[in-house]
Amino acid sequence: MTAALFEDISACRLCAERFAATATAHAPRPVVWVRPGARLLIVGQAPGARVHASGRPFTDPSGDRLRDWMGVDAETFYDRDRIAILPMAFCFPGYDAKGSDLPPPAICAQTWRQRVLDHLGPVDLTLLVGGAAQRWHLGARSVTDTVREWQMHAPGVFPLPHPSWRNTGWLKRNPWFEADLLPVLRARVKEVL
Ligand code: SF4
């Protein structure tokens, strides 16, 4: 990423008041992981609390599961020359009343997303992880319907459920995901990397 764009995003405080009003009362900490020339783009939702603390994307159990789905180790996953990671919002949004992560603030994608995608350039494979990423890239449908029709988007795009432990029930209810989609995804990731 150009230094100027990276500095602009790092200095972004558009959501400062919104985050200050959450239970964690945290300040924005944008986590952006992109370098032009990467072949694979992971579009996530927004950093969780652990990523907010580490400053690295997917340093949490969701990341462990996503790496397993992709069939890559951590070294490969964090190689910015090969993999870019751009969530739909760059900062941890805080928790809702039930302790779940709040949705990514829409203002982030409205403000930054196209500039960062233009900077990244074309990729061979895009993983749309969760509903927010799928709505922005593919339009509004349920995650189950979108992921079930993954063959319509492959091999350039794979819609995936979010790898959070909260979706363990979804994975059990949809065994075709692990049986049919994951082997094809792993082969495609290997091919692209
Ligand atoms: S989430 Fe995006 S728009 Fe909001 S403060 Fe962070 S970088 Fe800025």
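The values are calculated or read from the model by the stated rules, or taken from the named source; none is laboratory data. Just so it is clear, the model here is predicted, and its values are computed rather than measured. Heads up, the Cβs are rebuilt from the backbone with ideal geometry, glycines too, and the neighbour counts pull from every protein chain shown. Protein only, heavy atoms only, side chains kept; ligands, DNA and RNA dropped before computing areas. Shrake-Rupley method; radii C 1.70, N 1.55, O 1.52, S 1.80 Å.
Here are the numbers for this structure:
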| quantity | calculated |
| --- | --- |
| Residues being of a type outside the set (S, T, N, Q), assigned to a loop (DSSP other than H, G, I, E, B) and open to solvent by less than 60 Å² (accessible area, probe 1.4 Å) - total across region 37-60 | 10 |
| Restricting region 171-184 to residues that are more than 13 Å from Ala154 (Cα to Cα) and in contact (Cβ under 8 Å) with a residue 24 or more places away in the chain, the residue that is surrounded by the fewest Cβ atoms within 10 Å (Cβ to Cβ) | Trp176 |
| Whichever residue in region 69-102 is open to solvent by 20 Å² or more (accessible area, probe 1.4 Å), in a loop (DSSP other than H, G, I, E, B) and among the small types (Gly, Ala, Ser) and, among such residues, is nearest to Leu171 (Cα to Cα) | Gly71 |
| Residue that is nearest to Trp176 (Cα to Cα), among those in region 103-155 that are within 16 Å of the ligand (Cβ to nearest atom) and open to solvent by 50 Å² or more (accessible area, probe 1.4 Å) | Trp136 |
| Cβ-Cβ under 8 Å pairs, at least 6 apart or on other chains, region 83-96 side closer than 12 Å to Leu127 by Cα, far side within 11 Å of the ligand (Cβ to nearest atom) | Leu86/Val32; Leu86/Arg113; Leu86/Val116; Pro87/Val31; Pro87/Ala46; Pro87/Pro47; Pro87/Pro104 |
| Residues satisfying the stated conditions in region 97-111, i.e. in contact (Cβ under 8 Å) with a residue 40 or more places away in the chain and within 15 Å of the chain's Cα centre (by Cα) | Asp101, Leu102, Pro103, Pro104, Pro105, Cys108 |
| Ala187, sole failed condition from (1) modelled with pLDDT of 95 or more; (2) within 24 Å of Thr76 (Cβ to Cβ); (3) buried (at least 18 other Cβ atoms within 10 Å of the Cβ) | (3) |
| Members of region 22-47 that are of a type outside the set (Ser, Thr, Tyr), more than 13 Å from the ligand (Cβ to nearest atom) and within 27 Å of Lys98 (Cβ to Cβ) | Ala23, Ala25, Ile42, Val43 |
| Test: Gly63 is over 19 Å from Leu117 (Cα atoms), more than 10 Å from the ligand (Cβ to nearest atom), open to solvent by less than 60 Å² (accessible area, probe 1.4 Å) and in contact (Cβ under 8 Å) with a residue 60 or more places away in the chain | yes |
| Members of region 26-43 that are among the small types (Gly, Ala, Ser) and at pLDDT below 95 | Gly37 |
| So Ala74, is it in contact with a helix residue (DSSP H, G or I) (Cβ under 7 Å, 6 or more places away or on another chain) and more than 16 Å from the ligand (Cβ to nearest atom) | yes |
